[in-house]
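Peer 1: First, the structure itself, so that you have it in front of you.
The values are calculated or read from the model by the stated rules, or taken from the named source; none is laboratory data. As the structure is a prediction and not an experimental result, all values here were calculated from the model. Note: ideal-geometry Cβ built from the backbone for every residue, glycine included; neighbour counts use all protein chains shown. Heavy atoms of the whole protein, side chains included, go into the accessibility calculation; ligands, DNA and RNA do not. Shrake-Rupley method; radii C 1.70, N 1.55, O 1.52, S 1.80 Å.
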Amino acid sequence: MLDLGRLRALHAVSVHGSVAAAATALGYTPSAVSQQIAKLERETRTTLLERQGRGVALTEEARHLAATAQQLLAIVERAETTLEERRGQPTGRLAIGAFATAARGLLPGVLAELGRRHPGLDARMTEVDPHLSIDLVARGMIDLAVAHDWDIAPLPAPEGVEQAVIGDDLCDLLVPEGHPLAARASVRREDLAGQRWICQPPGTVCHDWLVRTLRAAGCEPELAHQAEEYHTQVALVAAGLGIAMIPRLGRGALPAGVVAVTLDPVPKRRLYALWRTGAARRPAITATVGALRGHWVRVGADASA
């Protein structure tokens, strides 16, 4: 009989594309994942991974086995959901994926509340890009994702994934003190032509949103500096190296030398919780979504102050 834990390891490698990434998602070491795959190869008398440069690739047999593993894991999830539902209490492990500012500004309070109120629930968080986290939910690698979209770029939810709105995160224009826009009560997007911008790297949701927003207003952005962390972007603004559009969630107090200016209309991104339809009845999902919404009432109000 095939071992479910080893099938889970193979499935994780197929989803994440490498042993190291699968290990991070599962909370194991790369060595432990490799051992699980090696044991599965011996059990099945089949080569499952092949060396490809510095990494590995799944063989054709491994891809078929990983697809079957996904179906088996879905069956196990339904069984666990039924048991948890019958107990009426959130229990077991809940893997949560959250984008960076939610991981910093929202999830600490949520995870602490879940730990206090539901001691039988083992909620664990991993920081994940919003678009990647949705795919991980759909594939069964995480149980719940906290993701976001922007007003001009709606978040797609694939078949078999449900979602609930958590709240709206507003965005400000940050400029250096002494900048011509710093004294303005508000700024329209059409007024932003010719500025040097600080933003996230290409391929991220926020980068794509900034470029699309400015182009829609007739401005071709000059992207002078690119950094993943918003705190790094704020530091670059403070140094007088450009301007940036920064959401309020997780931003914290602005340092000296940085001025927040209201944009008209105010850009916003909407926060969502997403989970698989098969786990919708799970009390852990219900409790976590409730905690996310409850904490957003406070966090969102603080960010808007």
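Peer 1: Quick check: is even one residue across segment 29-51 open to solvent by 30 Å² or more (accessible area, probe 1.4 Å), within 29 Å of Thr288 (Cα to Cα) and among the aliphatic types (A, V, I, L, M)?
Peer 2: The answer is no; no qualifying residue exists.
Peer 1: Take Ala23 and tell me if it is in contact with a Pro (Cβ under 9 Å, 6 or more places away or on another chain), free of Cβ contacts under 8 Å to residues at least 24 places away in the same chain and either closer than 21 Å to Asp143 by Cβ or not β-branched (Val, Ile, Thr) (or both).
Peer 2: Yes, satisfied.
Peer 1: Filter segment 267-284 down to the residues that are modelled with pLDDT of 90 or more, surrounded by fewer than 21 Cβ atoms within 10 Å (Cβ to Cβ) and not in a strand (DSSP E or B) and list them by number.
Peer 2: Passing the criteria: only Pro283.
Peer 1: Something else about it: Scanning segment 26-55 for residues that are among the charged types (D, E, K, R) and in contact (Cβ under 8 Å) with a residue 24 or more places away in the chain, which turns out farthest from Thr126 (Cα to Cα)?
Peer 2: Here the answer is Glu43.
Peer 1: For Val137, which of the numbered conditions (1) open to solvent by 10 Å² or more (accessible area, probe 1.4 Å); (2) within 22 Å of Val13 (Cα to Cα) fails to hold?
Peer 2: Only one criterion in (1) open to solvent by 10 Å² or more (accessible area, probe 1.4 Å); (2) within 22 Å of Val13 (Cα to Cα) is unmet by Val137, namely (1).
Peer 1: Next question, about the same structure. Could you say whether any residue in segment 54-66 is within 23 Å of Arg93 (Cβ to Cβ) and either within 21 Å of the chain's Cα centre (by Cα) or surrounded by 14 or more Cβ atoms within 10 Å (Cβ to Cβ) (or both)?
Peer 2: yes
Peer 1: Only residues that are small (Gly, Ala, Ser), out of contact with any Leu (no Cβ under 8 Å at 6 or more places or on another chain) and without any contact (Cβ under 8 Å) to a residue 24 or more places away in the chain: list them for segment 84-121, please.
Peer 2: Correct list: Ala112 only.
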